[in-house]
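A short worksheet on the structure shown next.
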Amino acid sequence: MLSKDLGPEGARGVMVCGEKIFLMRAFGRVNAVQDRCLHRGVRFSARPECFAEGRITCWLHGFTYDVADGKLVDIIAAPGAGLIGKDNLKTYPVQERNGLIFVFVGDMDPPPPLDDDTPPTYLDEDMATEGIARVVNSNWRVACENGNDATHIWIHRESPLIVGGDIALPAGFFIINYEDGVEVIEDTGRKGVISPHGRESHLPCFEPKVEGTPILDIAGKYGTKRVATTVELWMPCGLRVTDFPQPGMTHFEFYTPIDETRHLYVQMLGRKVANEQEAKRFRMEVQALWEPLDLRGFNDEDIFAREHLQEFYQDDDAWLNEQLFQGDVVTLRWRTVCSRWNRGIQWRGPRRLDAHADVARLSTVSQE
Ligand code: FES
Ligand SMILES: [Fe+2]
């Protein structure tokens with residue numbers, strides 16, 4: 001999520017990969033614990049109560065926890081109760097970098113470096129960033145595949161960003177050389193696919209026709225500025241488009257899974273800057289100009305597409321019933337990378353594995 005959405009003194013609940021997580025700032029950093037009281041299970045975020053820095057008190061019976069390590073440090077109505085100090089909330093590794101809060105919900109301990117899970121340059125110290133985040137009603141995998149789909153740019157042809165600017169955006173790209181047209185990156189910690197639009201492997205279509213009859217004169221209507229020189233999709237869910245929406249800017253997207261049917265669509269624009277003054281000017285420029293034109297005007301078309309793709313892909317057999325073509329080669333490469341390097345399947349939420357183990361143990365006992 002965005003740092004500004006948590007605020008300087010913030011506390012709020014989020015859902016990531018189906019897990020309810022409570023975020024709270026304390027002593028200058030963000031902490032993340034399960035958003036479920038150990039006592040009777042209510043969510044802290046329903047009514048966050050904090051009586052000392054770094055402590056969250058459950059609003060129902062006063063169980064109080066340290067948000068840094070999850071420890072139960074007090075029970076307001078029962079000081080000295082035996083449970084105090086003996087139980088813990090699940091905690092999640094958190095990092096706050098370049099305007100975003102990253103929470104690791106996987107099972108790996110320690111978690112992988114954040115560099116491995118973010119697009120190149122996003123975390124660079126001299127990369128100024130500004131953006132927005134909103135909930136989209138589609139599975140996150142549908143969003144990933146929409147982000148680097150080489151022929152979906154057809155849907156952007158009427159976007160004010162394109163029509164009103166001096167931007168050259170074709171009706172689509174046809175990849176004529178697969179070897180040169182898609183780069184698969186698997187030999188570093190960061191895994192992904194790169195689609196270099198600027199190369200001759202990508203044949204842009206500037207004269208769209210239906211059965212030989214021109215239907216739109218894109219070449220005459222649109223500008224000359226070359227944008228989106230590469231489109232890159234990085235595991236687990238990060239997109240980077242270089243030189244977009246203008247040469248010298250970078251467009252980043254993160255498709256964070258909320259649950260099976262929703263993702264948090266995080267859209268960030270970046271530009272390399274020399275100092276904080278330039279960074280501040282850039283953030284104002286994004287808010288005034290690029291948010292309405294690019295992040296909303298242009299990308300609203302992507303949201304429309306994803307929510308309609310979801311109707312089809314919500315059924316598991318959709319992956320068998322789709323009919324792909326040459327233009328989908330980037331998507332196929334991406335799926336290959338995901339199937340090779342995914343980190344497996346884990347149970348949702350805290351203690352679920354324990355619960356399953358307990359059921360197994362009880363059933364063994366009852367059989368004896
Ligand atoms: S449910 Fe939280 S203290 Fe009882
Ligand atoms: Fe798009």
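Under a GNM of the chain (C-alpha, springs under 10 Å), which listed residue has the highest mean-square fluctuation: L332, L38, L320? The residue that fluctuates most here is L320. Rolling a 1.4 angstrom probe over region 173-326 with all protein chains present gives an accessible area of which 52% lies on carbon and sulfur atoms. Per-residue extension of 0.36 nm, minus the Cα-Cα distance of D300 and R199, leaves a gain of 33.6 nm for this segment. For region 1-133, the carbon plus sulfur part of the accessible surface works out to 50%, probe radius 1.4 Å. Amide H contacts of A78: none lie under 5 Å away among residues 5 or more positions distant or on a separate chain (H built 1.01 Å from N in the peptide plane; Pro and chain starts excluded). Taking all protein chains together and rolling a 1.4 Å probe, T261 ends up with roughly 70 Å² accessible. On full extension, the segment bounded by D187 and I215 gains 5.7 nm, given 0.36 nm per residue less the C-alpha separation.
Between P111, P214, P196, find the one with the highest GNM mean-square fluctuation for the chain; connect C-alpha pairs within less than 10 Å. Largest GNM mean-square fluctuation: P214.
For the pair E125 and I345, label points projected 7 Å from Cα toward Cβ lie 4.4 nm apart.
Reported to the nearest whole Å, the Cα centre-to-centre distance from region 257-334 to region 1-69 is 29. Secondary-structure-derived ellipticity at 222 nm for the chain, considering helices only, amounts to -6000 deg cm²/dmol, per-run term -39500 (n - 2.57) for DSSP H runs with n ≥ 4.
Most tightly packed first, judged by the mean number of other beta-carbon atoms within 10 Å of their residues, the peptides 235-245, 155-165 read 235-245, 155-165. For the chain, the solvent-accessible area of protein heavy atoms averages 51 Å² per residue (probe radius 1.4 Å; ligands and nucleic acids excluded). When the chain is treated as a GNM, springs tying every alpha-carbon pair under 10 Å, which of W290, W234, W347 comes out with the largest mean-square fluctuation? Result for the chain, Cα springs under 10 Å: W347 fluctuates most. Working from Cα pairs under 8 Å separated by at least six residues, relative contact order for the chain is 17 percent. Given R₀ = 25 Å, FRET efficiency for D109-A68 by Cβ-Cβ distance, to 0.05? Calculated transfer efficiency: 0.90. Take the Cβ atoms of K86 and I155, set R0 to 45 Å, and the FRET efficiency comes out at 0.20.
Exceedance of the 32 Å cut-off in Cα-Cα distance is limited, within the set K20/K86; K4/K272; K20/K280, to K20/K280.
Rolled with a 1.4 Å probe across the full set of protein chains, the surface gives T213 an accessible area near 80 Å².
The values are calculated or read from the model by the stated rules, or taken from the named source; none is laboratory data. This one's a predicted model, so the numbers in the text were calculated from it and none came from an experiment. Here Cβ is always computed from backbone atoms with ideal geometry, including for glycine, and neighbour counts include all displayed protein chains. With ligands, DNA and RNA removed, areas are computed over all heavy atoms of the protein, side chains included. Shrake-Rupley method; radii C 1.70, N 1.55, O 1.52, S 1.80 Å.
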